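Below: the structure, in C-alpha cells.
The values are calculated or read from the model by the stated rules, or taken from the named source; none is laboratory data. Everything numeric in this text was worked out from a predicted model, so none of it was measured. All Cβ positions, glycine included, derive from the backbone under ideal geometry; neighbour counts span all protein chains shown.
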Amino acid sequence: MAAGVAAWLPFARAAAIGWMPVANLPMPVAPTEKSKRQDELIILNVSGRRFQTWRNTLDRYPDTLLGSSEKEFFYNEETKEYFFDRDPDVFRSVLNFYRTGKLHYPRYECISSYDEELAFFGIVPEIIGDCCYEEYKDRKRENAERLMDDQEDNKDAKLPNMTFRETMWRAFENPHTSTMALVFYYVTGFFIAVSVITNVVETVPCGSAPNQKEVPCGERYTVAFFCMDTACVMIFTVEYLMRLFAAPSRYRFMRSVMSIIDVVAILPYYIGLVMTDNEDVSGAFVTLRVFRVFRIFKFSRHSQGLRILGYTLKSCASELGFLLFSLTMAIIIFATVMFYAEKGSSSSKFTSIPASFWYTIVTMTTLGYGDMVPKTIAGKIFGSICSLSGVLVIALPVPVIVSNFSRIYHQNQRADKRRAQKKARLARIRISKTGSSNAFLHSKRNGLFNEALDSTEEEQRLSKSTSLLESQHHHLLHCLEKTTNHEFVDEQYYQQSYLDAGLQNYPSRSPSLSSQDGMTGTCCTRRSKKHHTPLPNASAATHMQPLTHTHTHQQGLQELSTIHIQPLSTSRSSLNMRVDEPAPLNCQSSQITTAIISIPTPPVTTPEGDAHLPAGPAHQNVVKVSAL
Amino acid sequence: MKSRSQDQSLTDSRELDRSYDPLTGSVADDSELSTVCYRPEGIDRLVQQTNFSKKELQVLYRGFKNECPSGAVNEETFKNIYSQFFPQGDSSMYAHFLFEAFDTQNNGAVNFEDFVISLSIILRGSVTDKLNWAFNLYDLNKDGCITREEMTDIMHSIYDMMGKYTYPSMKDSAPKDHVDSFFQKMDRNNDGVVTIEEFLETCQKDDNIMQSMHMFDNVI
C-alpha cells in the first residue's frame, strides 16, 4: 500500500461501514493501538542541518531506516535528536520521499553518491518517480559503462589460463592485444589491398605488340597474375580457417556477415580452379570474377567507419525504401507521359515505356546524357517538367532522410529503452501490488489476526512485526472477506483450486500449496475461538490431526482433504476443543510431517455452504496422504 | 454554434501559445493548473459541527491536504485513493457509491467539510446515525427506500473488490444470492423494497451488525 495514502486509511476503514449491514458473518476485531501516542515532531540532524517532521510521516515506510527502529541507533540522548553523519543535500530528497510518497532524483547529484545515500537509508531506487526515473537510469547506465570500460581495459591483460583457442579469438577480435595479432592484422590488410589492386590492374591494357590489338595486362602476364591471385587466396583461406577454428560458436560465426564476405571472396578462385577446362562455362567463370571485388568489403573488419555506415544504411532502410518507391512512381508517370507524347514523331527513340524509363531517370537526376531527346513540342514540355520535378523529387527527401535518420535512430534507441524500462517497471509495480496483497495473505497465515483476541502479552509482542498501519489495512481486507464470505487467495492457489475443482468432485486441495499451509491453522483456530459453543461438527474436527483447508468460515461443510502442515506442537490436535487456547500458530514451523487422516462423520451442510463449495458431502474413506 | 469572433479568438490564442494542437485537437496540460482552491471554514466551526477534537481535525486535514492540495477531491482521485487499498479487485464502483454518499452537496467534489462531517457520523455518531448513513449509501437515488436493483448494484460493487482470486472461487450468482438473503432478512412486509424503518429495526435486532458498528469507535 503506497504510504502516500496512509493518511487516508482511516477514511477507507470508515467507508467499510457500507459492508456492515450487508454482511452475514461477524466482523473480526479491529487492531488497537495500545499506546495511543500523540503525533510528535522529531528532529533529524543531518550533518548539522536540522530537519523536522512528524513521527507519523516517517512511520509510513516501516521498512526503511527512518521508518523502523533502526533509527534509534542514531538517537542522541543529550540533544534529543537523531543525528546522521550524511550528506544533507541528498537527505532532502530522502525526506521528501516520506512526505510526498515520491522519490525524486536531483540532476546535479552524482549518481553513485545518490545510490549510496539511498542504500544507507534503506530505500530501493526503483521507486523513483516517473519524472526522474529515466534520467536516473540513463546516468546509472552511463556510469556502469564507464566503469565497465575501465574494467575492460584491465581485462585485456592476458589471463594466464586462457586456452590457445581463446587467445587466438581474442587476437583476431582485438588486434591490439599482442604484437602477433597486430602483425596478422596488417598482413591481411596488405593482402586485401594487393588483391584488389591486382583485380583492377588486370584489366588495364598494357602495351601491345605492334601487330596485335591492345590486350589487358591480365592476359599478357597471365602467370604472374595467377600467382598473385593464388597467394592472396591462400592467405585469405588460411585466415578464414583460423577464424573458424578460434570462434567460440562456430555456427554463429559462419552465419555472420563478415564470414560470408570472406567466403564469397575466396570461392570464385576455387570454382575457377575446378572449372577451367570446360569451355561453355568459362563465360560464367568470368562473371564469377566479379565477385572478387567483394574482397574490398573485408576492409570493414579493419575500419570502424565502414561498419557504422553499413549499420546506418541497414537501420535507415525504410526511409531509403520510401525514397525509392516515390522515385519509381515519378519515373513511371513521366515515362508513360513521354512515351505517349513522343508516339507521334517518327524515328522516335521512345519505342516503349520501359525504354522511356531510361530517359526519365537520366533527366530526373539531371544527368542529361542526350542519347534520347524528345522531338515533339508536347514531349519537350513534359521533358522540362520532368527535369524540374526531378530536382525536387530527389533533392527533397535526401536531407529529410538524413535528419530523419538521425532523429529516428536516437528516438528508437530511447523508445526501446523506455519500453524495456516500462516492462520492468510494470512488473515491479505488479510485484509491489501483489506484495501488498501477499502481505495480507502472509499475515493471515501467521495468524496475526488472533492478536486481537485474548492472546498473551508475549505473543502480542512477537506479532508486533507488522506496523499498526499494516495491521489496520489487513483488518480492513479481512472485514471485506467476511462480508462477502470469500477469501483472498493468491493466483497460484486460485489456479490450483480451479483445476482441482474441475478434476475431482470430492474436496481435495493440492498438496503442493505449502504456501497456504498456515491458513489451515488460522482457519480453525479462529473458528474455534469465535464459537465457544462447539460446532455441530466440532466432534468431527477433533478427529483431524492437521486442520482442513477447505472448510470455509461458516458453520459449514467440513471436508477433509489432503494434509498440509502438521504444526509443531502436537497439542494442536485438541486445539479445536480447547477454545481458549492462545492463538498464534507457529505455522512457520519447518517441521513437516505426514499424517493419515480419516474422514469424520458426514458433514452438515448449510445452504450457503452448498452454494459456495464445489463439492458435495465429503466422501468417506477418502484418504489422501501427501508429504510436503 | 458559438459566435464566430469568440470562437476565433479562442482558437488563435490557443494556437499562439501552442498549447493546442489543431492537428490532434489535444490540449497541452498547462490547463491543469486548477485555480480553484477550496478552503475549509475555520477549525473551530468544524469542531462544533463534528464530534472530532481539534487535534483530530488537524491530523485529518493534513492528510487530506497532502493528497488533494486544491482542497477538494474529485471522483477520479477518490477512486484512485480507494483502489490503493484493494489491490486485488476493482473498487471503482464502490468508490463511486461512496463518493455519492460523501458528496452531500452534489457538486462533483468532496471538500474537507463534507469529508469530515461524514467521517464524524460514521466514526463518532450514534448507532442510529451510522445506520442512517449506511442506508443513505445504499439508497442510490435517495428516495428513501432500497430497491432490489440498488442493492444488487451495491452488492456487485462489493464483490468486485474481491477480485478474481478468491477462495472459494467467485460464482456469478454469489452477489445475487447475497442480495436475496439480505432482502429476506430486512424486508419485513415483503413489498420488494427496504425502507429506513425496516432497515433500522432489523439492524438493531441483529447482534452481529450492532457489534460491527462499534468497530469504528477507535479508527481515528
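Of the residues making up the stretch A:427-458, those that are loosely packed, with under 15 Cβ neighbours inside 10 Å, modelled with pLDDT of 70 or more and β-branched (Val, Ile, Thr) number 2.
Looking at the stretch B:138-171 only, could you name the residues that are aliphatic (A, V, I, L, M), closer than 18 Å to B:Met186 by Cα and part of a helix (DSSP H, G or I)?
Narrowing the stretch B:138-171 to residues aliphatic (A, V, I, L, M): B:140, B:146, B:151, B:154-155, B:158, B:161-162, B:170.
Going one step further and asking which of them are closer than 18 Å to B:Met186 by Cα, we end up with B:140, B:146, B:151, B:154-155.
B:Met151, B:Ile154, B:Met155 - these are the residues of the stretch B:138-171 that are aliphatic (A, V, I, L, M), closer than 18 Å to B:Met186 by Cα and part of a helix (DSSP H, G or I).
Taken over the stretch A:202-237, the criterion of being modelled with pLDDT under 85, part of a helix (DSSP H, G or I) and among the polar types (S, T, N, Q) is satisfied by A:Thr222 alone.
Specify the residue that is farthest from A:Ile128 (Cα to Cα); the eligible residues are those in the stretch A:370-410 that are modelled with pLDDT under 70 and surrounded by 11 or more Cβ atoms within 10 Å (Cβ to Cβ). Working first, answer last.
To start, the set of residues in the stretch A:370-410 that are modelled with pLDDT under 70 comprises A:397, A:400-401, A:404-405, A:407-410.
Imposing the further condition that a residue be surrounded by 11 or more Cβ atoms within 10 Å (Cβ to Cβ) reduces the set to A:397, A:400-401, A:404-405, A:408-409.
On the way: A:Pro397: 42, A:Val400: 38, A:Ile401: 37, A:Asn404: 33, A:Phe405: 32, A:Ile408: 28, A:Tyr409: 27 Å.
Only one residue tops the list, namely A:Pro397.
Of all the numbered requirements in (1) more than 8 Å from every other protein chain (Cβ to nearest Cβ); (2) at pLDDT below 85, A:Gly18 misses one, and that requirement is (1).
In the set A:Ser303, A:Ser256, A:Ser249, A:Ser315, which member is at pLDDT below 85 and more than 30 Å from A:Val362 (Cα to Cα)? Let's see the steps before the verdict.
Details: A:Ser256 fails: at pLDDT below 85; A:Ser249 fails: at pLDDT below 85; A:Ser315 fails: more than 30 Å from A:Val362 (Cα to Cα).
Exactly one residue qualifies, and that residue is A:Ser303.
Among the residues examined, B:Met170 qualifies as at negative phi, of a type in the set (A, V, I, L, M, F, W, C) and facing chain A (nearest Cβ under 7 Å).
Taking first residues from the stretch A:277-306 that are in a helix (DSSP H, G or I) and partners that are at pLDDT below 70, the Cβ contacts under 8 Å between residues at least 6 apart in sequence or on separate chains come to A:Ser282/A:Thr276; A:Phe285/A:Thr276. Residues that are part of a loop (DSSP other than H, G, I, E, B) and closer than 16 Å to A:Asn24 by Cβ within the stretch B:172-220 comprise B:Ser173, B:Asp187, B:Asp206, listed in sequence order. Regarding the stretch B:203-213, can at least one residue be identified that is more than 8 Å from chain A (Cβ to nearest Cβ), surrounded by 13 or more Cβ atoms within 10 Å (Cβ to Cβ) and under 14 Å from A:Gly18 (Cα atoms)? Scanning the stretch B:203-213, I find at least one residue that is more than 8 Å from chain A (Cβ to nearest Cβ), surrounded by 13 or more Cβ atoms within 10 Å (Cβ to Cβ) and under 14 Å from A:Gly18 (Cα atoms), so the answer is yes. Counting only residues that are over 39 Å from the mean Cα position of the chain (by Cα) and assigned to a loop (DSSP other than H, G, I, E, B), the stretch A:45-86 holds 6 of them. Scanning the stretch A:87-117 for residues that are crowded, with 16+ Cβ neighbours inside 10 Å, in a loop (DSSP other than H, G, I, E, B) and more than 14 Å from chain B (Cβ to nearest Cβ) gives A:Asp87, A:His104, A:Tyr105, A:Glu109.
Does the stretch B:182-193 contain at least one residue that is at pLDDT 85 or above and under 28 Å from A:Ser497 (Cβ atoms)? Among the residues of the stretch B:182-193, at least one is at pLDDT 85 or above and under 28 Å from A:Ser497 (Cβ atoms), which makes the answer yes.
For every residue, the table says whether it meets (1) of a type in the set (S, T, N, Q); (2) loosely packed, with under 13 Cβ neighbours inside 10 Å; (3) within 23 Å of A:Pro175 (Cα to Cα).
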{"position": "A:Thr230", "(1), (2), (3)": "yes, yes, no"}
{"position": "A:Met234", "(1), (2), (3)": "no, no, yes"}
{"position": "A:Thr237", "(1), (2), (3)": "yes, no, yes"}
{"position": "A:Met242", "(1), (2), (3)": "no, no, yes"}
{"position": "A:Ala247", "(1), (2), (3)": "no, no, yes"}
{"position": "A:Arg255", "(1), (2), (3)": "no, yes, yes"}
{"position": "A:Ile261", "(1), (2), (3)": "no, no, yes"}
{"position": "A:Tyr270", "(1), (2), (3)": "no, yes, no"}
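Filter the stretch B:136-147 down to the residues that are surrounded by 21 or more Cβ atoms within 10 Å (Cβ to Cβ) and in contact with a strand residue (DSSP E or B) (Cβ under 7 Å, 6 or more places away or on another chain), then identify the one that is farthest from the other protein chains (Cβ to nearest Cβ). Residue satisfying both the conditions and the ranking: B:Asp139. Of the residues making up the stretch B:97-108, those that are away from chain A (no Cβ under 12 Å) and surrounded by fewer than 20 Cβ atoms within 10 Å (Cβ to Cβ) are B:Thr104, B:Gln105, B:Asn106, B:Asn107, B:Gly108. Only residues that are at the interface with another protein chain (Cβ under 10 Å from one of its Cβ atoms) and closer than 12 Å to B:Phe112 by Cβ were counted in the stretch B:47-60, giving 2.
Among the residues of the stretch A:486-496, write down those that are at the interface with another protein chain (Cβ under 8 Å from one of its Cβ atoms) and either touching a residue at least 12 places away in the same chain (Cβ under 8 Å) or acidic (Asp, Glu) (or both). Lay out the reasoning, then the answer.
If we filter the stretch A:486-496 for residues that are at the interface with another protein chain (Cβ under 8 Å from one of its Cβ atoms), which is where we start, we get A:486-491, A:493-494.
Those that are at the interface with another protein chain (Cβ under 8 Å from one of its Cβ atoms) and either touching a residue at least 12 places away in the same chain (Cβ under 8 Å) or acidic (Asp, Glu) (or both): A:His486, A:Glu487, A:Phe488, A:Val489, A:Asp490, A:Glu491, A:Tyr493.
Filtered by the rule that a residue be within 18 Å of B:Ala95 (Cβ to Cβ) and either basic (Lys, Arg) or within 11 Å of chain A (Cβ to nearest Cβ) (or both), the stretch B:113-134 gives B:Phe115, B:Ser118, B:Leu119, B:Ile122, B:Trp133, B:Ala134. Taking first residues from the stretch B:72-89 that are within 21 Å of B:Pro40 (Cβ to Cβ) and within 9 Å of chain A (Cβ to nearest Cβ) and partners that are in a helix (DSSP H, G or I) and at pLDDT below 85, the Cβ contacts under 7 Å between residues at least 6 apart in sequence or on separate chains come to B:Ile81/A:Val5; B:Ile81/A:Trp8; B:Ile81/B:Glu67. Considering only residues that are loosely packed, with under 13 Cβ neighbours inside 10 Å and of a type in the set (S, T, N, Q), look in the stretch A:156-173 and name the one that is modelled with the lowest pLDDT. Only one residue fits best here, namely A:Asn161.
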